Amino acid sequence: MRPRFGVTALAILMAVIFLFPTIVVVVTSFGSGRIVSFPPQGWSLRWYAEVFTDTMWVQAFGNSFAVGILAAALAMAVGSALAIGATRTKIFPASLVTGIAMSPVVVPGVVLSVGVYMVAVRTDLTGSVIGLALAHAAVGVPFVFINVLARLATLDKQIEEAARICGADEMTTLRTVTLPIVAPSVVIGGVLAFISSWDEFMVASFMNSPTFRTIPVVVWGEVISGADPSTSAASTLITVISILFLALAAGLPRLRNRKVAP
Amino acid sequence: MFAPLRPVAAHTDRRPNEDEVTTLDSATVPDQAVRSKAAPRPAWLSGIGAFQSAAVLYMAVAFLLPVLLMTIRAVSDPQNFVDAFSSGIFRRSIWTTVRMSLTVTVVCLVVSYPYAYVLARARRTIVIILATCLLVSFWTSTLVRTYSWQLLLNNTGLINTAMVALGIVDEPIRMMGTDFAVYLGMAHVLAPYTVLTIYAQMRAIPRELEEAAQIMGSRPATVFWRVIVPLSRPGALAGAVLVFVMALGFYITPQILGSAQNVYIGTAIVQQVQAFLSTDVGAAQAVVLLLIVLITLAVGGKYLGIGRILGLDKAGQR
Amino acid sequence: MSTQSLTRPAEDSPATSLAAGGSSVELFDVVKRYGEATAVDGISLTIEPGWFVTLLGASGSGKTTLLRMIAGFIDPTEGQIRIDGVSMHGVAVHRRGIGMVFQNYALFPHLNVYRNVEYPLARAKVPAKERRSRIDEALGSVRLTGFEKRMPSQLSGGQQQRVALARAIVARPRLLLMDEPLGALDRNLRESLQIEIRQLSQRLGVTVINVTHDQEEALTMSDKIALLSDGKLVQFGTPEELYLRPSNEIAADFIGESNIFRGQARAVGTGEVAVEVPGGRVVGLGAGVDDGDACLAVVRPGDVQLAGAGSQLDGVSSVTATVTDVIFAGESRRVLLRGADGQQLIARVPVGAPFDLSPGEEVAMTWPTAACRCVRTSAA
């Protein structure tokens, strides 16, 4: 049964509302005036030039990148170890492992922030890439965990048994069979973990220092104190980079298949 | 793990060693003595177990420990909770947060049903438009979108300018700093979650059911209310619980778009820690927020299953 | 691909270097319990080197559990498994040196055909220059030369199964396990692969333990069949023995269609037993039956002769029954009958033979004495 015209029209209107804020940010970033206005009075790339030359923005982008990459790498390792462990060993009950892996989804960012802040202050980890990446990695773990778990659920256990009978010990099986098969899911989870770190504001704001601020923290400061079009330019860059990474991750399995076809 | 009983050397045909074969008396049946002599490493330290142990340890130290220490710190002195609740801002913020989160959840459900339905049943081109808009929005960060709403809802923003120009209103109406702005901004962030859960559930409804209902004389509206809505209800409720819980922990949107009177719990906590520098009282308030979230999840999980709420049942569908 | 002939005469093949001889496998009172449930209930079995043995049984008979214990994926609760005289207790799967073909082929989806077959060689650290020739030979022996670069997803079911077979034999195992290897294939392909696998295993001299629930497959391929039921070994023997001389009702029932009569032994001669059954008297071969024993007589439908009222048959056995239905089945007619005590009986009459029976008619069933086997029903 096709939806009726009225319902479809309503849905398309909502789709426009969904997309509109993103468009507004992108369009205002190309404005020429000092004041953010939509639609802009004139067009220019000057605000991008400013973002690329202002050390505040450049450093913030650098910090966010470093934190995001480190957090994503850690989340990929921890998340896939938890997912593989939950389905392949019985050392810890699977429900316990699942609970631990998914707990970051349940705990609000504000709550985690206060906790991390209280620990970080005592361990001197505030204001550092490492400190924030350690926390962001934990927040990114569920993304990797869910994706790898879903792949493992559809993976025939006989394939790993075949490796064992072919003479591979447990670790060799993991390295030569299980990991290569789940690798695309690990990467997709890693990209989602990167984006979650890249966008994360709450913990980052508690962990910031005058010399260490990530992009969302800087944007927040601008929004609170009155933004200029460079805020739009930075926001556009944040969004474009997120979506670019996602598109790459989504295209990855197809790319792999094409590579192996004759 | 097993240690090798039979040292199969790296020769290629992997046959058993002949001396070993002859040393075994074929008459003795179950031969427990023929075991490895070396004590095997414990399971949690060998192979996959070691990786899993390390991963569990990581989550314990980097995630659970901070939350746990914060809780212990808050609970160790009951005065923290007395101080927390003596703050009128905090007491009001609890009611504000729950009330506004519930409203946002209802808004999300209402918006998501038609959207998910069209997404599940419409022509390909329309589905692509709807999916693209939804996903681009979904992957634009909350902060960026909130910033955008700020631009749009201003007295001099596009919406007011347009309304004045079109003669709908005589002068700009104030939208920033109102509950309406918060509902709009939060629903915009959270509705994609309900759309996706409802969509997943609708996709699982066989089209034949709708056709059967139509053949038996139901009008399209009746089919929607009598077939689609009941069958997608579990997904919708699970999505609603998830959205409600996420709404409880919001900070950015109410802080930027909302009023100074209707303050969220998140704002109250941040204020305690960052402005009043009373971290322990903030921790106590954070424990209260965490409790509200956990109780909600426990109740929701009891009826709907926690796996369904967190999207584990259909893992990877995102 | 699936229609071409897969078999080639063994004489054509060169003396293969894949041959490694076969292992002996011994099971001593092997038991596997899962909590209260007993999957395998004290099975003892000796398999000589080079035998092709089929573990045959319905689902839940314990055949797959037994195979997985031999492979090492699960440990027996009690008892011992020996391969070439060596206890497998505590020997990890990857050190058993076994080849195995899985039900769903279990090819590595991320590796092409060449890499799949190379996998066991890489694990055994076979020198790189030797691998090429051994992979070529293994793929040649399953007639898949030229498929090296294909991914598993680009192969048909039959081709995937032959890659799995090549992977299982390339490391020259002396024992090859097969877990319902042909279950997922269509009938024609299954039959040609049965012959192909049989010939390959003979050429290699490898010991094969094959699991199936398909009695036809078991009869076609095996040197010996181990019939399992409820975790117990019912009968272990050649296909002929199981078919012609089922040792009890379970075996008679499982292998082929059969008529089973129950009664008391009345006259016992040298190797012959006469059994009094409802509706007549059955005479068959039987040893170890004493006068008065409760007895079971088994006759295959193809051996039964039918005579309408009045006409005389020369067999010493004679059981009256009523024709209930006649079904034309190509080469023969299946005649369904109801015995004196209401039990269902079957006769199979060649289409060429004169036939004038119709439902409702009362007939006498008989058969050559040598075609009937009488077994004492044990205390059970």
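What does the convex hull of the Cα atoms come to per residue for the stretch C:10-244, in Å³?
128 Å³
Can you tell me the Rg and the Dmax, both Å, for the Cα atoms in the stretch B:82-182?
Rg and Dmax of the stretch B:82-182, Cα atoms, are 18.5, 58 Å.
Compute log10 of I(q)/I(0) for the stretch A:136-227 with the Debye formula, placing one identical point scatterer on every Cα and leaving out solvent, at q = 0.15, 0.23, 0.25 Å⁻¹, to two decimals.
Results for the stretch A:136-227 at q = 0.15, 0.23, 0.25 Å⁻¹ read -0.69, -1.06, -1.15.
When a/c reaches 1.5 or more, the comparison of a/b and b/c decides; with that in mind, is the stretch B:81-309 rounded, prolate or oblate per its Cα gyration tensor?
Here the stretch B:81-309 falls in the oblate category.
Hey, what number do you get for the protein assembly as shown at 222 nm if only DSSP H runs of n ≥ 4 count, each worth -39500 (n - 2.57), divided across all residues, to the nearest 500? The partial results should precede the final answer.
Working: 36 runs with 494 residues, N = 960.
After summing the helix terms and dividing by the residues of the protein assembly as shown, the value is -16500 deg cm²/dmol.
Counting partner chain Cβ atoms within 10 Å of every residue's Cβ in A:83-93, what's the average?
Working: counts 3, 4, 10, 2, 1, 5, 9, 2, 11, 5, 0.
Across A:83-93, the average partner-chain Cβ count within 10 Å equals 5.
Per the Kirkwood definition applied to all pairs of different Cα atoms, how many angstroms is the hydrodynamic radius of the stretch C:115-175?
Result for the stretch C:115-175 stands at 11.6 Å.
Kindly give Rg over Rh for the stretch B:146-209, based on alpha-carbon atoms, with the Kirkwood expression for the hydrodynamic radius.
Rounded to two decimals, Rg over Rh is 1.25.
How many angstrom lie between the C-alpha centres of the stretch B:153-199 and the stretch B:244-270?
Their Cα centres are 17 Å away from one another.
What number, in nm² with one decimal, is the all-direction average of the projected area of the convex hull of the alpha-carbon atoms of the stretch C:257-376?
With every direction weighted equally, the projected area is 6.9 nm².
Looking at the calculated P(r) for the stretch B:107-146, what percent of the C-alpha pair distances fall above 17 Å?
The proportion of pairs with Cα distances above 17 Å equals 39 percent.
Please report the spacing between the Cα centers of the stretch C:128-204 and the stretch C:34-109 in Å, no decimals.
Each part reduced to its Cα centre gives a spacing of 21 Å.
For the protein assembly as shown, give the share of DSSP beta bridges that are antiparallel, in percent and rounded to the nearest 5; count only bridges with both residues there.
For the protein assembly as shown, the DSSP antiparallel bridge percentage is about 80.
Arrange A:Thr178, C:Thr54, C:Thr369 by Cβ neighbour counts within 10 Å, fewest through most, would you?
C:Thr369, A:Thr178, C:Thr54
Classify the stretch A:1-155 as rounded, prolate or oblate from the Cα gyration tensor: take a ≥ b ≥ c as the square roots of its eigenvalues, call it rounded if a/c is under 1.5, otherwise prolate when a/b beats b/c and oblate if not.
Because a/c hits 1.5 or more and a/b fails to exceed b/c, the stretch A:1-155 counts as oblate.
Taking neighbour Cβ counts within 10 Å as the exposure measure, how do B:Thr105, B:Thr296, C:Thr207 sort from fewest upward?
Going from least to most buried by this count: B:Thr296, B:Thr105, C:Thr207.
Hey, what D do you get for the stretch A:10-81 in µm²/s if you plug the Kirkwood alpha-carbon radius into Stokes-Einstein at 25 °C and 0.890 mPa s?
160 µm²/s
Which of the trypsin sites (Lys or Arg not before Pro) found in the stretch B:89-143 are in a DSSP loop and have at most 13 neighbouring Cβ atoms, other than their own, within 10 Å?
When the trypsin sites (Lys or Arg not before Pro) of the stretch B:89-143 are filtered for loop state and at most 13 Cβ neighbours within 10 Å, B:Arg123 remain.
So how compact is the stretch C:78-167: Cα radius of gyration and Dmax in angstrom?
My reading of the Cα-based Rg and Dmax gives 14.9, 47 Å.
May I ask for log10 I(q)/I(0) of the stretch A:1-44 at q = 0.24 Å⁻¹, from a Debye sum over the Cα atoms as equal point scatterers with solvent left out?
-0.76
If you build a Gaussian network model of chain C, linking Cα atoms that sit under 10 Å apart, which residue out of C:Arg82, C:Arg123, C:Arg245 swings the most?
Of the options given, C:Arg123 has the highest mean-square fluctuation.
Taking every alpha carbon pair in the stretch A:56-260, what does the distance histogram look like in 5 angstrom bins from 0, in percent?
Result returned by the calculation: 1, 7, 14, 16, 17, 14, 11, 8, 6, 3, 1, 1, 0, 0.
Based on other C-beta atoms within 10 Å, arrange C:Lys224, B:Lys302 from fewest to most.
The fewest-first ordering by Cβ neighbours comes to B:Lys302, C:Lys224.
Can you work out D for the stretch B:235-318 in µm² s⁻¹ from Stokes-Einstein, where Rh is the Kirkwood radius over C-alpha pairs, the temperature is 25 °C and the viscosity is 0.890 mPa s?
172 µm²/s
Assign one of three labels to the stretch C:148-217, namely rounded, prolate or oblate, based on the Cα gyration tensor with a ≥ b ≥ c the square roots of its eigenvalues; rounded applies when a/c is under 1.5, prolate when it is not and a/b is larger than b/c, and oblate otherwise.
Values: a/c = 1.84, a/b = 1.08, b/c = 1.71.
Verdict is oblate for the stretch C:148-217.
How big is the Kirkwood radius of the protein assembly as shown, worked out from every pair of different alpha carbons and given in Å to one decimal?
Answer for the protein assembly as shown: a Kirkwood hydrodynamic radius of 33.8 Å.
By a straight-distance test (C-alpha under 18 Å), which aspartates and glutamates pair with A:Lys157 as possible cross-link partners, with residues fewer than eight away in the same chain excluded?
Partners within reach: A:Asp169, A:Glu170, C:Asp75, C:Asp179, C:Glu180.
Coordinate-derived values only; no laboratory data. The structure displayed is predicted, hence computed values, not measured ones. For neighbour counting, all protein chains shown are included, and Cβ atoms are generated from backbone atoms with ideal geometry for every residue, glycine included.
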